[in-house]
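Data first, discussion second: the structure below is written as structure tokens.
The values are calculated or read from the model by the stated rules, or taken from the named source; none is laboratory data. Please read all numbers here as calculations on a predicted model, not as lab measurements. Cβ placement follows ideal geometry from the backbone for every residue including glycine, while neighbour counts extend to all protein chains displayed. For accessibility, only protein heavy atoms count, side chains too; no ligands or nucleic acids. Shrake-Rupley method; radii C 1.70, N 1.55, O 1.52, S 1.80 Å.
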Amino acid sequence: MGHHASDPNKIVNITIDGVPVSCPETTLILDAAKMAGIDIPVLCYHPDLKVRATCRLCVVELKGQKKLKTACSNEVWDGAEFITNSPAVRQARKDVLELILAEHPQDCLQCVRNTNCELQQLARDFGVSKPLFANQPKQIPIEDSNGVIVRDMAKCVKCGRCVEMCQEVQTVGAINTAHRSVEYEVTTAFDRPLQDSTCIYCGQCIAVCPVGALYEKDDTEKVWQAIGDSDKHVIVQVAPAVRVALGEEFGLEPGSITTGKLVAALRRLGFDKVFDTDFAADVTIMEEGNELLERMSHGGTLPLITSCSPGWINFVETFYPDLLDNVSTCKSPQQMFGALAKSYYPEKAGIDAAKIVSVSIMPCTAKKYESARPEINSSGYRDVDVVLTTRELARMIKQAGFDFNKLSNAEFDAPLGISTGAAVIFGTSGGVMEAALRTVYEVVTGKELANVDFEGVRGLTGVKEAEVDLDGKKVKVVIANGLKNARVILDKIRAGECDYQFVEIMCCPGGCIGGGGQPWGTTQATKEARMAGLYQADRELSIRQSHKNPAVKALYDEFLGKPLSHKSHELLHTHYHPKHK
């Protein structure tokens, strides 16, 4: 770090490439350069992760010194003069890239990250077209046997971002670094396949990988085949967080609400019906809200913990199996939708359920794992046949060749496309809690809420607590954003030190807006923009409470009877089991 103990309140004056900059003494050289309009290249650095300073691509020169400094790990000090583009700096950066590329397969045309790879971009920027060193890529077989996450470790640049994410942010510890020097690598414990590790398939490692070493299993061909089969009736559901992120793949600003174009694109791709996971999110609130009230009035296990996030379910099964009774028996909205798509929908539409192919578009990689779980295929068929991430859908749209941005807005199909503002905010941390409170309040009190906005549960803070007054009855709720924060609450519950009644846990930091299947390049700033998009979408909908959704009312009147009915339990609820790893 800097020459002496730095003071965040002290403003210092420096120059970077001759440009004067005034900034707090605690500013990193990297950030000070940004203030001067200078982008210093990085590879191991990620704005949301702890600084590792392993790749040394961000080196800069300090006037009067020969030894170069890393800009990502050193703070500025008064009077310092930095040079970011001297011949020595350019050569040092080029050397770093040459060494990485010497071991890299360089099969860019076949790589999932082609045109969207940080290493490729750097090689282009620095003109590394003819590497100095002979290309001797390591021969490491691709690991793709788990059906969710593919690991192509021959492409790993050993930046350590995925390890930081898995160990420190998600506290899962499925992957780590091993060995030294030329043998240094990122691997699982005892080099076992990912499915034998503690991996929960959240895909956060994929989200921060700068190259094509980590990616989701591509299932787009399965969907193309289903669409091309005239004997199949192919339906699709779209999760709330996809609509505020997909636009990034087509040059739109993060948080742009693309719902209308998204529906039009799915119809253009050839899906027979385009439905909304939000419909099932409203059903989730009906079931989970009533489950909470049932547990509170009949001495059931409390606090009740939400069950929407499949990465979180994998986490509790692996690390806190003793708390499984606290987890709601509700399936996730994806799986509730799947069960209804192969039972209620065919009955209503007069279609043979055996001919239905149910596809979901999710911001999530763990949903691929969830859809294949044996516990949740209660319709008699596999409820969700194929799960695609936001990235995979973007790939299909690009393959189809139409201009996403020029599509006219279209509407979801009824009835499984009708939803509310409560459902759309499921996509952000705090959203499931707020949606539940909007309904539970009215069910308990019989009174209409004057204001449906529960601001206290919003935002991307790690742990959010709130107390809600249900007409004299106080309910204490808490929201954990990401798994490191979940541990804080789970440890309290385990120790009997917790007086909450209702807990929301989302696996990925930020909730589904920050899911492992969202467009690459996601940062805290991107998540904030997507979150703002979801709250805007909520405000713009005419119905903002799940129990007021007319299609959900019809579902209960025509098919399920009432929340927590025998049929609801059969189709929409399940139980999870300890994982011994």
Once amide hydrogens are built 1.01 Å from N within the peptide plane, the residues lying 5 or more places from Val357 or on another chain with amide H under 5 Å from its amide H are His233, Val234, Ile235
The lysines whose Cα lies under 23 Å from the Cα of Lys67, excluding any fewer than 8 residues away in the same chain, are Lys34, Lys94
Whole-percent carbon and sulfur contribution to the accessible surface of the range 110-227 (1.4 Å, no ligands, DNA or RNA) stands at 51 percent
Length gained if Asn13 through Glu448 is fully extended, taking 0.36 nm per residue and subtracting the Cα-Cα distance, is 150.8 nm
Highest mean packing first, using Cβ neighbours within 10 angstrom, the peptides 445-451, 321-327, 388-394 sort as 388-394, 321-327, 445-451
Taking 0.36 nm per residue of separation between Ala532 and His179 and subtracting their Cα-Cα distance, the length gained on full extension comes to 122.7 nm
With bins of 5 Å, the percent of all Cα-Cα pairs of the range 447-544 per bin from 0 is 2, 11, 18, 20, 18, 15, 10, 4, 1, 0
Ordering 476-487, 100-111 by per-residue average of other C-beta atoms within 10 angstrom, highest first, gives 476-487, 100-111
Rounded to a whole %, the carbon-and-sulfur portion of the accessible area of the range 1-73 at a 1.4 Å probe is 53 percent
In nm², the average projected area of the convex hull spanned by the Cα atoms of the range 8-131 is 8.4 nm²
Taking Cα atoms only, Rg over Rh for the chain with Rh from the Kirkwood formula is 0.99
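Whenever you get a sec, compute what percent of the accessible area on the range 286-372 sits on carbon and sulfur atoms (1.4 Å probe). Can you show the working numbers first?
Values: 1060 of 2130 Å².
Here it works out to 50 percent.
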Along principal axes, largest first, the alpha-carbon spread of the range 133-251 in whole Å comes out as 55, 34, 32
Quotient of Cα radius of gyration and Kirkwood radius for the range 379-440, i.e. Rg/Rh, equals 1.06
Given a 1.4 Å probe, the accessible area of the chain per residue, as a whole number of Å², is 40 Å²
For Lys492, counting only lysines whose alpha-carbon sits under 27 Å away and dropping same-chain residues fewer than eight positions off, the answer is Lys50, Lys331, Lys464, Lys473, Lys474, Lys476, Lys484, Lys579, Lys581
Restricting to Cα pairs under 8 Å and 6 or more apart, the percent relative contact order of the chain works out to 15 percent
